[in-house]
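Down below is the structure, laid out as structure tokens.
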Amino acid sequence: MGSRTYNIITFGCQMNEHDSETISGMLQQRGYTEVVRKEDADITVINTCSIRENADKRFFGTLGQLKKIKAVNPEQITCVCGCMMQQEHVVKEVRQSYPWVDVIFGTHNIHEFPDMLDELVSAREKDENRITRREGGMTASEYAIAKHDIRSSKKTRVEKIYEDKKEIVEGLPAKRKFRHKSFVNIMYGCNNFCTYCIVPYTRGREKSRHPEDILAEVRNLVNDGVREIMLLGQNVNSYSGISTLNGEKWDFTDLIYALDELEGLDRIRFMTSHPKDLSDRLIGAFAECKSLCKYIHLPVQAGSTHVLRRMNRKYTREDYLLLVRKLRKAVPEITISTDIIVGFPGETEEDFRETLSLAEEVRYDSAFTFLYSPRKGTPAAEYDNQIPENVKHERFGRLVEVMNRCSCEKNAAYVGRVVEVLVEGEGKRPGSLNGRTDGFKLVDFEGPSELTGEMVKVEITDSNTFSLKGRLI
């Protein structure tokens, strides 16, 4: 194709990050080299997220920057994909207002991206051949303008956006960000339809991979040096895979136990876990499986049963607290993180105080806290009693104060302890490294870069709200 460099800009969750690794792998198979700066890339891919309003703004802001790059380099190819491209109103805006976008594709046809690039190049060549045949009757400036118009013309855009697809495409390449750890998709889509969430409309219905395909992928990763995997799904607890060998049905806990038997796999993590599907058997697996990390991300979203019902979360405050008690009974040292939305439509001051009291009772190790933002196409966007922005921000500040205090106190309890850390790479300070404990605590310590990817012992010497500091033993 002539173009040999690419840059991928990723917004959103781990699922999007893994999709970007797949896109990167497909481009590298075709001989392209990744570059850090989009200004240096012949192909730029923006992988979009539709969960939060801020991600929308960042996407359109980045598109504006690419317009300037394309003005300097009309040969540059701009591609957009991801969850936002599964929303018709967003695609319509891109079509009408951003004519310099060359390729548009969604979450269900990532595997077709290389073919779409070929199609774009073929269309460009046909258009250029037409003006080349007319070149004799054009001035040099007219020819340059005509060629530039082709590069920014909607006529040469390639667009393929599928609704939902039942089949899962296996065997796609991936360029991992880390050699020693990897994402592994076990399922796609979501059937929960929480009233605030756009994911079921952008990712489709739940589809689970065959367990043999997952096990084969993880074996190959371990053979390639991977020591930790993160199992991904919008709701991993509802995984339901059918064995291709005997037709037996596997649930998520079956998969965990099978992965735990793989030699060379040190750590298993998963994301995200829905409370309504967290079984007693899976809770037991935390105590019984040697490689299952003693950490769970268990989004609560709100501490008020009234708000949870309006969110369509399908559990109560009491149900959630019972799960936390079961987890801590099975594994007293387990670390727990969560997601909480502040300012959901109809949330009263009393509802919010219930969220604060739940946070105090659970004492999370960390939390992702969000201001509610309406997503077009979701039921909650049409609810009455939308909360004023000033009220949202005031409540948000109170929640963050509680969360940070609990995190700080939790981390302080690690001082003096020796922990095992999987080294992820160099830290921000010269000569420093960082890595994660089994409980997903971030640890910063001094050491040689050659330790990246290794398990090391670190004595914790200090702590703060978001991380630990230590001394390499």
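Listed values, structure above:
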quantity	calculated
Boolean, Tyr196 is over 15 Å from the mean Cα position of the chain (by Cα), of a type in the set (Phe, Trp, Tyr) and either under 30 Å from Glu93 (Cα atoms) or crowded, with 17+ Cβ neighbours inside 10 Å (or both)	yes
Failed condition for Trp100, given (1) open to solvent by less than 20 Å² (accessible area, probe 1.4 Å); (2) touching a helix residue (DSSP H, G or I) at 6+ places or on another chain (Cβ under 7 Å)	(1)
Restricting region 114-159 to residues that are touching a helix residue (DSSP H, G or I) at 6+ places or on another chain (Cβ under 6 Å) and modelled with pLDDT of 85 or more, the residue that is nearest to Ser20 (Cα to Cα)	Pro114
Test: Asn223 is out of contact with any helix residue (DSSP H, G or I) (no Cβ under 8 Å at 6 or more places or on another chain), open to solvent by 30 Å² or more (accessible area, probe 1.4 Å) and of a type in the set (S, T, N, Q)	yes
Residue within region 208-220 that is touching a residue at least 40 places away in the same chain (Cβ under 8 Å), part of a loop (DSSP other than H, G, I, E, B) and open to solvent by 30 Å² or more (accessible area, probe 1.4 Å) present	no
Test for Gly247: is it open to solvent by 20 Å² or more (accessible area, probe 1.4 Å) and among the small types (Gly, Ala, Ser)	yes
Whichever residue in region 1-16 is at pLDDT below 95 and closer than 18 Å to Leu172 by Cα and, among such residues, is surrounded by the fewest Cβ atoms within 10 Å (Cβ to Cβ)	Gln14
Failed item, numbered, when Ile23 is tested on (1) of a type in the set (A, V, I, L, M); (2) open to solvent by 20 Å² or more (accessible area, probe 1.4 Å); (3) part of a helix (DSSP H, G or I)	(2)
Residues of region 35-50 satisfying the condition of being in contact with a strand residue (DSSP E or B) (Cβ under 6 Å, 6 or more places away or on another chain) and either outside any loop (DSSP other than H, G, I, E, B) or more than 14 Å from Cys79 (Cβ to Cβ) (or both)	Val35, Lys38, Ile43, Thr44, Val45, Ile46, Asn47, Thr48
Residue in region 258-277 that is at positive phi, open to solvent by 10 Å² or more (accessible area, probe 1.4 Å) and among the small types (Gly, Ala, Ser) present	yes
Any hit, region 258-271, residues being in a loop (DSSP other than H, G, I, E, B) and under 17 Å from Ser238 (Cα atoms)	no
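Here is a yes/no grid of residues against (1) aliphatic (A, V, I, L, M); (2) open to solvent by less than 20 Å² (accessible area, probe 1.4 Å):
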| site | (1), (2) |
| --- | --- |
| Thr44 | no, yes |
| Arg52 | no, no |
| Leu63 | yes, yes |
| Met85 | yes, yes |
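The values are calculated or read from the model by the stated rules, or taken from the named source; none is laboratory data. A quick note: this is a predicted structure, and the numbers were derived from the prediction, not measured. Counting neighbours? That spans all protein chains shown, and the Cβs are built from the backbone with ideal geometry, glycine included. Only protein heavy atoms, including side chains, enter the accessible area calculation; ligands, DNA and RNA are left aside. Shrake-Rupley method; radii C 1.70, N 1.55, O 1.52, S 1.80 Å.
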